[in-house]
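Trainee: Before I ask anything, let me first share the structure, which is written out below as structure tokens.
The values are calculated or read from the model by the stated rules, or taken from the named source; none is laboratory data. Bear in mind that the values here come from a model prediction, so they are computed numbers and not experimental data. Cβ: placed from backbone, ideal geometry, glycine included. Neighbour counts: every protein chain shown.
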Amino acid sequence: MRFLVTGGAGFLGAALANKLAADGHAVVVLDDLSKGSASQLRPEIQFTQGDINNIPLLWSLLSDVDCVYHLAARVSVAESVLHPQAYNAVNVGGTVSLMEAMRDTGVRRVVFTSSGAVYGRLPTQPVHENDPPNPDSPYAVSKWAAEQYIHTIGQLWDIETVALRIFNAYGPNQNLPVSHAPVVPRFLHQAITGGSVVLYGDGQQTRDFVYVTDVVAALVTAATAKAVNRQVINIGSGQETDMAQLVGEIEKATGKRVNLLHNQQKSGGVPRLVADISRAQRLLGFRPFVSLAEGLQRILREDGRFQKS
């Protein structure tokens with residue numbers, strides 16, 4: 001098959017694009033390189049640097065494409081609070097631009113990477129796809145809005161659509177910006193370098209950490225799966241881990257004692273979030289294989305930034 005992967009030079013996009021290429025598919029990647037790096041991509045992948053809102057560029061890249069993976073997005077919850085207009089322009093506007101370009105070029109299937117963040121603060125865990133979203137950040141709102149756009153436009157224009165709500169994906173080569181870094185690489189970096197790990201709020205927040213290869217496996221299956229049109233599907237580990245447990249697993253993986261600091265003044269986000277993955281199991285045959293302990297060990301083996309000293 002021939003795939004276009006938008007945002008394909010980012011952490012998750014590059015892992016997906018490389019897997020598709022390794023499996024023998026033709027892969028085209030579009031990325032603006034605001035966060036990603038084209039150097040991560042296999043040499044046979046066709047890479048183009050560009051803007052997801054550039055519809056003429058999208059027309060040229062969509063020629064003969066069988067399925068689009070739409071990952072191009074801004075992804076920091078904290079950053080979205082500061083810059084909601086930019087998040088709307090890329091995450092919502094870019095999704096609409098892509099759907100228009102797909103209509104114009106006759107591409108008939110898109111797999112969209114949404115986020116578990118759309119659920120927000122819900123009283124009952126694990127969260128199920130039928131639970132009402134309660135987004136609490138512009139990032140979460142943008143992902144929920146993009147879901148509505150792809151499914152509504154898909155219905156109107158006869159494009160097959162499926163949205164995978166990805167929970168806390170982690171793995172080697174995950175972006176580690178100076179500010180607003182994802183929790184797993186941030187905590188690992190602090191442990192390896194002897195820095196302090198800061199837990200916000202009461203430090204008891206829980207999350208669902210899912211390893212990158214498990215996410216990629218779900219994405220690959222979603223391109224050809226039957227009976228997934230217009231579906232929203234959770235992709236997580238189904239395991240609830242609190243921040244103290246995460247720190248403990250990092251200490252075991254690195255062999256280093258972590259210096260913990262608590263900041264009660266700053267919110268740690270929603271108190272609990274874990275995925276019900278029964279729909280993914282039923283529709284995609286999804287099964288997460290990599291435990292958190294094994295995932296951390298893989299990062300230490302494969303990511304040069306985290307080599308144990």
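Trainee: Which of the residues that make up region 256-269 are of a type outside the set (S, T, N, Q) and either modelled with pLDDT under 90 or not in a strand (DSSP E or B) (or both)? Give the derivation first.
Mentor: Filtering region 256-269 down to residues of a type outside the set (S, T, N, Q) leaves 256-258, 260-262, 266, 268-269.
Within region 256-269, LYS256, ARG257, VAL258, HIS262, LYS266, GLY268, GLY269 meet the criteria.
Trainee: Continuing with the same structure: Can you confirm whether ALA253 is assigned to a helix (DSSP H, G or I), within 28 Å of ASN18 (Cβ to Cβ) and in contact with an Asp or Glu (Cβ under 8 Å, 6 or more places away or on another chain)?
Mentor: Details: assigned to a helix (DSSP H, G or I): yes; within 28 Å of ASN18 (Cβ to Cβ): yes; in contact with an Asp or Glu (Cβ under 8 Å, 6 or more places away or on another chain): no.
Against the criterion (assigned to a helix (DSSP H, G or I), within 28 Å of ASN18 (Cβ to Cβ) and in contact with an Asp or Glu (Cβ under 8 Å, 6 or more places away or on another chain)), ALA253 does not qualify.
Trainee: Another question, if that's okay. Exactly one of these conditions fails for THR221: (1) of a type outside the set (A, V, I, L, M, F, W, C); (2) assigned to a helix (DSSP H, G or I); (3) over 28 Å from ALA191 (Cβ atoms); (4) over 17 Å from the mean Cα position of the chain (by Cα). Give me its number.
Mentor: (4)
Trainee: Filter region 6-32 down to the residues that are in a helix (DSSP H, G or I) and without any contact (Cβ under 8 Å) to a residue 60 or more places away in the chain, then identify the one that is surrounded by the most Cβ atoms within 10 Å (Cβ to Cβ). Explain how you work it out, then say what you get.
Mentor: Step one: of region 6-32, the residues in a helix (DSSP H, G or I) are 11-22.
Retained after the next criterion (residues that are without any contact (Cβ under 8 Å) to a residue 60 or more places away in the chain): 13, 17-18, 21-22.
Details: GLY13: 28, ALA17: 31, ASN18: 20, ALA21: 20, ALA22: 11.
Here the residue is ALA17.
Trainee: Please enumerate the residues belonging to region 157-169 that are touching a Phe, Trp or Tyr at 6+ places or on another chain (Cβ under 9 Å) and either surrounded by fewer than 18 Cβ atoms within 10 Å (Cβ to Cβ) or in a strand (DSSP E or B) (or both). Spell out the reasoning first.
Mentor: To start, the set of residues in region 157-169 that are touching a Phe, Trp or Tyr at 6+ places or on another chain (Cβ under 9 Å) comprises 161-165, 167-169.
THR161, VAL162, ALA163, LEU164, ARG165, ASN168, ALA169, listed by residue number.
Trainee: From PHE112, PHE3, grab the single residue that is touching a Cys at 6+ places or on another chain (Cβ under 8 Å), touching a residue at least 24 places away in the same chain (Cβ under 8 Å) and of a type outside the set (A, V, I, L, M). Give the derivation first.
Mentor: On the way: PHE112 fails: touching a Cys at 6+ places or on another chain (Cβ under 8 Å).
On inspection, the qualifying residue turns out to be PHE3.
Trainee: Which condition breaks for ALA280 when tested against (1) in a helix (DSSP H, G or I); (2) over 16 Å from the mean Cα position of the chain (by Cα)?
Mentor: Evaluating ALA280 over (1) in a helix (DSSP H, G or I); (2) over 16 Å from the mean Cα position of the chain (by Cα) leaves (2) as the failure.
Trainee: I need a count of the residues in region 152-206 that are among the β-branched types (Val, Ile, Thr), farther than 30 Å from SER278 by Cα and touching a helix residue (DSSP H, G or I) at 6+ places or on another chain (Cβ under 8 Å). Don't jump to the end; show me each part of the working.
Mentor: Taking region 152-206 first, the residues among the β-branched types (Val, Ile, Thr) are 152-153, 159, 161-162, 166, 178, 183-184, 192-193, 197-198, 206.
In the following step, the residues that additionally are farther than 30 Å from SER278 by Cα were identified as 178, 192-193, 197-198.
Among the residues that remain, those that are also touching a helix residue (DSSP H, G or I) at 6+ places or on another chain (Cβ under 8 Å) are: 192, 197.
Count: 2.
Trainee: Here's another thing I want to ask about it. For the condition touching a residue at least 12 places away in the same chain (Cβ under 8 Å) and over 21 Å from VAL162 (Cβ atoms), what is the one hit in VAL68, VAL77?
Mentor: On the way: VAL68 fails: over 21 Å from VAL162 (Cβ atoms).
The conditions single out VAL77.
Trainee: Please return the ranges of strands (runs of 3 or more DSSP E) entirely within region 40-156 where 3 or more residues are at pLDDT 95 or above, closer than 19 Å to VAL5 by Cβ and within 19 Å of the chain's Cα centre (by Cα). Give the derivation first.
Mentor: Values: elements: 46-49, 67-70, 109-115.
Filter on region 40-156 gives 67-70, 109-115.
Trainee: Conditions first: (1) touching a strand residue (DSSP E or B) at 6+ places or on another chain (Cβ under 7 Å); (2) aliphatic (A, V, I, L, M); (3) without any contact (Cβ under 8 Å) to a residue 60 or more places away in the chain. VAL198 passes all but one, so which condition is the exception?
Mentor: It fails just one condition, (3).
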